[in-house]
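Step one of this worksheet: look at the structure below.
Values quoted throughout were computed directly from the atomic coordinates according to the rules given, and no laboratory measurement underlies them. All of these numbers come straight from a predicted model, not from anything done at the bench. Cβ sites come from the backbone with ideal geometry, for glycine too, and all protein chains shown count toward neighbours.
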Amino acid sequence: MESYSGLARAIHWAVAVLVLAMIPAGLVMVQDGLPRPVQNGLFIFHKNVGVVVLLLMLVRLGVRRLRPPPDLPAHLPGWQRRAAAASHAGLYGLAILVPVAGYVRVRAGGFPVEWLDTLGVPALVPRSDALAQAAQTTHYVAALTFAALIGLHVLAAFYHGVLRRDGVFGRIWPPVGRAGAERAASGPPGDGGAPS
Ligand code: HEM
Ligand code: HEM
């Protein structure tokens, strides 16, 4: 069975690790009573890494256009194909909407995104409290929806990778190096895809 390209796999797992750190960081940093240095550190991490997630997702969409994902295994029922297509579209949409809304909330509110400032990238939205407020609400609602969809996505990955072992997980694993499916396709007959 074919797998995702090496670059698509690497970006998928980099984004997974970063987003799974961003969500708790975001939820913790808005709590009252945190020590100031901890809160500042979390905000700096959250804002700066969030913009990196956005850029990685844009690269990933570009890679996807150049090399579309392989077909799903033929035995998968239609409802699972439709569920996969819908949830992946939702994940792409939210992985872009959430950081964009965060960026607008911060920039329209007049706050820095440190690494962009260091590079001299100007704010791409005007300073506006109304805009910052709308973006804050959007960021909040979209981030919680995103977290719920990631939960479903991870459950689906567990179902395919651990319960069914139907080859779907191997399409996107490992993050670097050749995928098992590619090894199996190119290895000598009968080696079961073992590294040579
Ligand atoms: C521990 C966390 C995660 C696991 C175990 C996981 C697992 C997987 C697996 C097995 C696939 C392949 C599905 C297929 O063959 O079509 C996949 C695809 C995908 N994953 Fe994840 N994932 C995780 C986190 C995330 C996160 C945080 C995002 C957020 C953006 C994400 C977005 C996607 C997308 C958009 C696809 C479809 C790729 C495409 O068709 O271009 N994943 N994931
Ligand atoms: C994938 C990327 C991101 C995820 C998953 C994420 C998730 C979250 C979550 C769960 C919260 C806590 C809920 C809330 O109070 O709104 C939060 C808050 C926040 N995020 Fe993000 N975020 C991301 C990207 C960004 C970016 C790129 C920025 C800014 C450059 C940003 C700025 C903020 C700010 C300022 C808050 C505090 C909200 C407030 O003003 O009360 N986020 N984020």
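For the options Pro122, Pro73, Pro112, a Gaussian network treatment of the chain with springs between C-alpha atoms closer than 10 Å singles out Pro122 as fluctuating the most. With K and R counted +1 and D and E -1, the other residues having a Cβ less than 14 Å from that of Phe158 yield a net charge of +1. Working from label points 7 Å from Cα in the Cα-to-Cβ sense, the Trp115 to Tyr159 distance is 3.5 nm. Between Gly120, Gly62, Gly167, the residue with the greatest mean-square fluctuation in the GNM of the chain (Cα pairs under 10 Å linked by springs) is Gly120.
For the residues Leu42, Leu76, Leu20, a GNM of the chain with alpha-carbon springs under 10 Å puts the largest fluctuation on Leu76. Angle check, please: helix 6-29 long axis (alpha carbons) against the longest principal axis of the chain (alpha carbons), in degrees 0 to 90, nearest 10. Approximately 40 degrees, to the nearest 10. For the peptides 98-104, 8-14, the ranking by packing is 98-104, 8-14, with the highest mean count of neighbouring Cβ atoms within 10 Å listed first.
Among 26-39, 45-58, the peptide with the highest mean count of other Cβ atoms within 10 Å heads the list, and the full ranking is 45-58, 26-39. Taking only the alpha carbons of region 42-133, we obtain Rg and Dmax values of 17.4, 53 Å in that order. With the convex hull constructed from alpha-carbon coordinates only, the chain shows a mean projected area of 14.1 nm² over all directions. Helices in the chain, meaning DSSP H runs of at least 4 residues, each add -39500 (n - 2.57). Divided by all residues, the mean residue ellipticity at 222 nm is -22500 deg cm²/dmol.
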